[in-house]
Amino acid sequence: MKTIEEIKAAIEAAVPGAGVEVVVNPSPCAQHSLRLDPDSALAVARFLRDDPELALDFLSNVTGVDWPDREISEKVKVARTVAKTVDGVEQQVEETVDEIRKRVEPGCLEAVYHLYSVVRKHGPVVIRMRTGNRTDRVELPSLTPVWRSGEFQEREIFDLFGIVFNGHPDLRRILMWDNFKDHPMRRDYVEPDDYEYEPTAHDAVLAKAQAHRAAAQAGAKGQEGAGAAQ
Amino acid sequence: MTASFKSPAEPKLNNLDLAPSSEPGISGDLLEVAMGPHHPSTHGVFRMDIVLDGERVIRLKPVFGYLHRNHEKIAENITYIASMPYTDRLDYICSLTNNWAYALAVEKLVGLEVPERAEYLRIILGELTRFQNHASTIGFLIQEMGASGTPLMYAFREREKILDLFESLTGSRMMCNYMRFGGCRVDPSAEWLDQVRKVVAGLPAFTDEIDRLLTSNEILMARTQGIGILPPDLAVNAGITGPMLRASGVNYDIRKIDSYGIYNRFTFRVPLGERGDVYDRYMIRLLEMRESIRILEQALKNVPGGPIVDPKSKIRGFRPKPGEAYGRIEAPKGELGFYLISDGGPNPYRYRVRPPSLVNLTILEDMCLGAAVADVVIIFGSVDIVLGEVDR
Amino acid sequence: MFGEGILKGLAETAKNFFGSYVSADRLTTVEYPEKRLEPIEAARVFPFLVYDGGDWQAGLRCVACQICEKECPPKCIYIEKSKDKKPDAVGKMQFYPTRFDIDVSVCMSCQICVEVCPFDAIKMDKLFELATDDRFGGLILDRGMLAKSNQYFHGIHPTEAAEVDARLTAERAKSAAKAGAPAAKDAGRPQPPPPGEK
Amino acid sequence: MAVDQDLKIELGKQGVFITTLQELYNWGRRNSVWPMQFGLACCAIEMIATTMARYDLARFGAEVFRPSPRQADMMIISGTVTKKMAPQVVRLYNQMAEPRYVIAMGACAISGGPFKQGYNVLKGIDRYIPVDVHIPGCPPRPEALLQAFITLQKKIDAQPLTGPGRPRFLDAAAQGEFPVPVPGEHDLEPAFNQGVWPLPVLQPGKKD
């Protein structure tokens, strides 16, 4: 099979203007991947499937990954002027100080596709696409028109991660019910509060159970109070 | 069928490049039937919304999620090893192959070596699992056809013998939790291997029995031949794997392609179907059971001694370096894959199961279009799914 | 001939039907509760706590290190550590659990607590007849219900128990040799029975 | 009317068998409990194994698995009840005719079990319907299901026909329909049925 660099070159030759970027995977299995530009992804996907040498006719796995906004704090050396008293005289002195700067790296949602070839019996070739952000620019092109096996798996990503796949034939919730509002596989999902009975809770669950118990007790007291008043 | 029956417009199989049809040709009065989620088949809580024109299916939409147990979300909040018992509960008929797939993915992520003896044990347990899965699948399939009990009872009689082997090695009948990253958990005794040899020696008699009982049965042939045909190009495009794909005549068996474990040391054939109908799928499973016995016989001949787990592997404080890996095996139902992303922490950052059962249902509508409503259950049964894996 | 396959199949069922009168292999029913299947040594259902000697409160091997609590996949163990210490199985002064609850309505019988326990204090029981109509009271096992003697452990998992005992004896000897005189004060401690004794 | 047990045994030895209406009635009820053919998850496979030749549930008069809730007496909740499935389970229970019993088989059915912390998993079916027997285990062995069944039979046997402990169908004031939860935007509504789920006051952190 071709190396990931050769595949990248082949894609760039076949689909002009395709933004392809190699993502290196440091783990021992060395399954490197290609990040595609969503605008040209459909054309690239068709090329990968139809190219006689690659012939990636089998889309095995589609999944979503949530990368939330990350706060990165880094140390920077900053030059600044400070007023200092040197030898009893006030002077303006230039000096460098370490300053911790915080910046927020915007998050995104990612869809990862694992491709194999049944004809040529090779693989996997991993391709991935990223959305603009996690709130309003969550659209990606659907690859289901190229590989049918994406049909349910892309629906699942839509359901659990909230990526909207443009061009998907039947984009509805698949696992949760239709009027469900949240995307539970996102990392900032808050699950419903049903920690009424947690006899062996610890850590995070214990905190939730205790909060729940306190609320229930307060509610019960409130009701008792109301009953007494009547 | 009476002469006045008005046949619906020819159901078209979906063009590969097109979306699945949402508005098929419609004629006559339509009846919408919701089959499930509690329906008298033996595949759990699955629902199909079917639109019928008389007796014919003109539209079928599967509805999932009735057993969505949040396996992936739970796994992202617990350690790597703690997910191992949860994988047992994915495809709860074949817990050992699930263990294997997960262990394989982690071994790829970390780069662990599996000792020789453990590889042999994995093959033996994996093939025993495949055997009992196919046996029960055939039993369930015939049960759904209305043969109340008999083949299923025979299958379960055999399955109990295999489950006893699992229990005396791993401690549990169904939820074995046996494999570990870089090996296996307990070292079997020589007596256990002798027990396995004894059981395996009895398995060909069972396949012959099923063969005589069912293969040439005229009723079975009438109900399954030419039903639920799956063309090979559609099968590949829709990501179908396992016995379903091979019944359509596509030679793709991950045991041969990836030769994970030590499968390349064994001689076995990959049975292929011709027409891709329900009967072919039944036959493929029967033939694969025979091939499993062949692999078992070869593997049991010389199980080497030695350690059963990579000394680098550990249970507590297991933190893989950042990276990602996708590991897959040929589970009895198809390609079972695990996709893991590590951020260097004790819990996986992303944990994904590639369920063969879910993807194999992609073409359920295509296979059922135009079929009679009574055949839907058989076609569905021939896909061989387990809901624990479909919904996870 | 049409119908041949059906006849062949019927012959097979007949063989099984009449065979069940003569062959034990075809008559597999085990009439629980009067008869039981042959016990399988490795079988596991729920965890229990092993204690040495006659008094469970004195002999509990558990030192409340809370590793099992942390590693338990479904988090069904709840431990509270004691404030004071008492000598453990190898004679070191250790904490002990003042509270040890296992919620068997959550436990998935995975055995990971047994694997991670460095003190051989928690093992798997074989008792499965726990059906109850008491939802809240009957399904939480506290340390009194969980504590079972080493003899019981020998009774259900003889091979494993013998290995554990050998290991503990060796460790005890080692720590006694190291500590020399101070070990004498543990001499009064009840010793676990030698392997094989029931 | 109570019969002196010693007298009854003595008469039995003499070849005179007496019984009470209650005993006869309960004997009949106990030995023909037909389960509903209803499987949810992993435990369903063990339930099927229980009905097969080796364990043979038929020996207890319960081999007739009915596909229709109207014909069934007992519901074995065999597996995880998800929030998406819970309304259907309650509806099926409502459709069953009295007398009806519920066995919660396995950890998931009792409390959500290992999947308890999942967002779509109901933490115990007893939040919505009354459960007669709980079997812990993941999954329980087939013998454990048989033992639970024997426990249920004993429970039926002990039920008086009159008075406060009588079965629901002999009690005109008893609740017959149980409210079906509705899937809401984030969770099921309501989260549990106050009348069915008597929550104990739990105080972790306190010594027992």
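Pick out the one residue from D:VAL102, D:VAL90, D:VAL81 that is in contact (Cβ under 8 Å) with a residue 60 or more places away in the chain and among the aliphatic types (A, V, I, L, M).
After applying the criteria, what remains is D:VAL90.
When the residues of the range C:53-88 are narrowed to those that are of a type in the set (D, E, K, R) and touching a His at 6+ places or on another chain (Cβ under 8 Å), which ends up farthest from D:LYS116 (Cα to Cα)?
C:GLU69
Going residue by residue through the range B:313-321, is there one that turns out to be facing another protein chain (nearest Cβ under 8 Å), surrounded by 21 or more Cβ atoms within 10 Å (Cβ to Cβ) and within 27 Å of the chain's Cα centre (by Cα)?
no
Give the residue that is nearest to B:GLY111 (Cα to Cα), with candidates limited to residues of the range B:170-192 that are open to solvent by 10 Å² or more (accessible area, probe 1.4 Å) and within 8 Å of chain C (Cβ to nearest Cβ).
B:ARG185
Taking the range B:226-247 as the search range and keeping residues that are touching a Leu at 6+ places or on another chain (Cβ under 8 Å) and assigned to a loop (DSSP other than H, G, I, E, B), which one is farthest from the other protein chains (Cβ to nearest Cβ)?
In this case the residue turns out to be B:PRO231.
Please count how many residues of the range B:357-388 are among the small types (Gly, Ala, Ser) and in contact with a Gly (Cβ under 8 Å, 6 or more places away or on another chain).
The qualifying residues number 4.
Say whether the condition of being open to solvent by less than 10 Å² (accessible area, probe 1.4 Å) and assigned to a loop (DSSP other than H, G, I, E, B) is met by at least one residue in the range D:144-161.
The answer is no, given that none of the residues of the range D:144-161 is open to solvent by less than 10 Å² (accessible area, probe 1.4 Å) and assigned to a loop (DSSP other than H, G, I, E, B).
Give the residues of the range D:102-120 that are under 14 Å from C:ALA131 (Cα atoms) and not in a helix (DSSP H, G or I), sorted by residue number.
The answer is D:VAL102, D:ILE103, D:ALA104, D:MET105.
For a quick check of your reading of the model, give me the residue pairs whose first member lies in the range C:31-54 and is without any contact (Cβ under 8 Å) to a residue 40 or more places away in the chain and hydroxyl-bearing (Ser, Thr, Tyr), whose second is open to solvent by 20 Å² or more (accessible area, probe 1.4 Å) and not in a loop (DSSP other than H, G, I, E, B), with beta-carbon atoms closer than 8 Å and at least 6 apart or on different chains.
That search, which allows pairs on different chains as well, returns C:TYR32/D:GLN147.
Can you find, within the range D:26-73, the residue that is farthest from the other protein chains (Cβ to nearest Cβ) among those that are loosely packed, with under 15 Cβ neighbours inside 10 Å and more than 26 Å from C:SER20 (Cβ to Cβ)?
Looking at residues that are loosely packed, with under 15 Cβ neighbours inside 10 Å and more than 26 Å from C:SER20 (Cβ to Cβ), I get D:GLY28.
To keep it simple, each residue is scored yes or no on (1) within 13 Å of chain A (Cβ to nearest Cβ); (2) more than 30 Å from C:LEU7 (Cβ to Cβ); (3) under 21 Å from the mean Cα position of the chain (by Cα).
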| site | (1), (2), (3) |
| --- | --- |
| B:ASP194 | no, yes, no |
| B:GLY202 | no, no, no |
| B:THR215 | no, no, no |
| B:THR224 | no, no, yes |
| B:GLY249 | yes, yes, yes |
| B:ARG255 | yes, yes, yes |
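Okay, residues lined up against (1) within 29 Å of A:GLN31 (Cα to Cα); (2) of a type in the set (Lys, Arg); (3) touching an Asp or Glu at 6+ places or on another chain (Cβ under 9 Å):
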site	(1), (2), (3)
B:ILE308	yes, no, yes
B:ARG328	yes, yes, yes
B:GLU335	yes, no, no
B:VAL376	no, no, no
B:GLY381	no, no, yes
B:GLU389	yes, no, yes
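Looking only at residues in the range D:74-92 that are in a helix (DSSP H, G or I) and of a type in the set (A, V, I, L, M), which one is nearest to the other protein chains (Cβ to nearest Cβ)?
This residue is D:LEU92.
Just one of B:ASP253, B:ASP258, B:ASP280, B:ASP208 is surrounded by fewer than 17 Cβ atoms within 10 Å (Cβ to Cβ) and either modelled with pLDDT of 90 or more or among the acidic types (Asp, Glu) (or both); which is it?
B:ASP208
Across the range A:1-20, what is the total count of residues that are over 16 Å from A:SER117 (Cα atoms), part of a loop (DSSP other than H, G, I, E, B) and in contact (Cβ under 8 Å) with a residue 12 or more places away in the chain?
Count: 4.
Please specify each residue of the range B:349-389 satisfying the condition of being at positive phi and either surrounded by fewer than 24 Cβ atoms within 10 Å (Cβ to Cβ) or among the small types (Gly, Ala, Ser) (or both).
Selection gives B:GLY370 alone.
Could you list, in sequence order, the residues of the range A:132-150 that are open to solvent by 10 Å² or more (accessible area, probe 1.4 Å) and closer than 24 Å to A:ASP182 by Cβ?
A:GLY132, A:ASN133, A:ARG134, A:THR135, A:ASP136, A:ARG137, A:VAL138, A:GLU139
Confirm whether B:PRO271 is within 24 Å of B:ILE219 (Cβ to Cβ), out of contact with any strand residue (DSSP E or B) (no Cβ under 6 Å at 6 or more places or on another chain) and part of a loop (DSSP other than H, G, I, E, B).
Yes: the conditions hold for B:PRO271.
So in the range B:226-246, with the set limited to residues that are crowded, with 24+ Cβ neighbours inside 10 Å and free of Cβ contacts under 8 Å to residues at least 60 places away in the same chain, which one is farthest from the chain's Cα centre (by Cα)?
If we take residues in the range B:226-246 being crowded, with 24+ Cβ neighbours inside 10 Å and free of Cβ contacts under 8 Å to residues at least 60 places away in the same chain, then B:VAL236 is farthest from the chain's Cα centre (by Cα).
Given the residues C:ASP120, C:ASP55, which is the only one that is under 19 Å from the mean Cα position of the chain (by Cα), more than 10 Å from chain B (Cβ to nearest Cβ) and surrounded by 15 or more Cβ atoms within 10 Å (Cβ to Cβ)?
Being under 19 Å from the mean Cα position of the chain (by Cα), more than 10 Å from chain B (Cβ to nearest Cβ) and surrounded by 15 or more Cβ atoms within 10 Å (Cβ to Cβ) holds for just one of C:ASP120, C:ASP55, which is C:ASP120.
Quick one: which of D:ILE129, D:ILE135, D:ILE125 is over 30 Å from A:ASP182 (Cβ atoms), open to solvent by less than 20 Å² (accessible area, probe 1.4 Å) and aliphatic (A, V, I, L, M)?
When all the criteria are applied, what remains is D:ILE135.
Would you call B:PRO311 without any contact (Cβ under 8 Å) to a residue 24 or more places away in the chain and part of a loop (DSSP other than H, G, I, E, B)?
Against the criterion (without any contact (Cβ under 8 Å) to a residue 24 or more places away in the chain and part of a loop (DSSP other than H, G, I, E, B)), B:PRO311 qualifies.
Which number in (1) under 16 Å from the mean Cα position of the chain (by Cα); (2) open to solvent by 30 Å² or more (accessible area, probe 1.4 Å) marks the one condition that A:ARG172 misses?
Single failed check for A:ARG172: (1).
If you check B:PHE318, B:PHE338, which single one turns out to be within 26 Å of B:ARG69 (Cα to Cα) and part of a strand (DSSP E or B)?
B:PHE338
Here is a yes/no grid of residues against (1) closer than 15 Å to A:ALA111 by Cα; (2) in contact with a Lys or Arg (Cβ under 8 Å, 6 or more places away or on another chain); (3) free of Cβ contacts under 8 Å to residues at least 40 places away in the same chain:
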position: A:ARG134; (1), (2), (3): yes, yes, no
position: A:VAL138; (1), (2), (3): yes, no, yes
position: A:LEU143; (1), (2), (3): yes, no, no
position: A:TRP147; (1), (2), (3): yes, yes, no
position: A:GLU151; (1), (2), (3): yes, no, yes
position: A:ILE163; (1), (2), (3): yes, no, no
position: A:ASP170; (1), (2), (3): no, yes, yes
position: A:TRP177; (1), (2), (3): no, yes, yes
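Given (1) open to solvent by less than 10 Å² (accessible area, probe 1.4 Å); (2) free of Cβ contacts under 8 Å to residues at least 40 places away in the same chain; (3) within 14 Å of chain B (Cβ to nearest Cβ), where does A:MET185 come up short, assuming only one miss?
(2)
The values are calculated or read from the model by the stated rules, or taken from the named source; none is laboratory data. If you're wondering where the values come from, they're calculated on a predicted model, not measured in any experiment. Cβ: placed from backbone, ideal geometry, glycine included. Neighbour counts: every protein chain shown. To get the accessible areas, we keep the full protein, side chains included, count just its heavy atoms, and leave off ligands, DNA and RNA. Shrake-Rupley method; radii C 1.70, N 1.55, O 1.52, S 1.80 Å.
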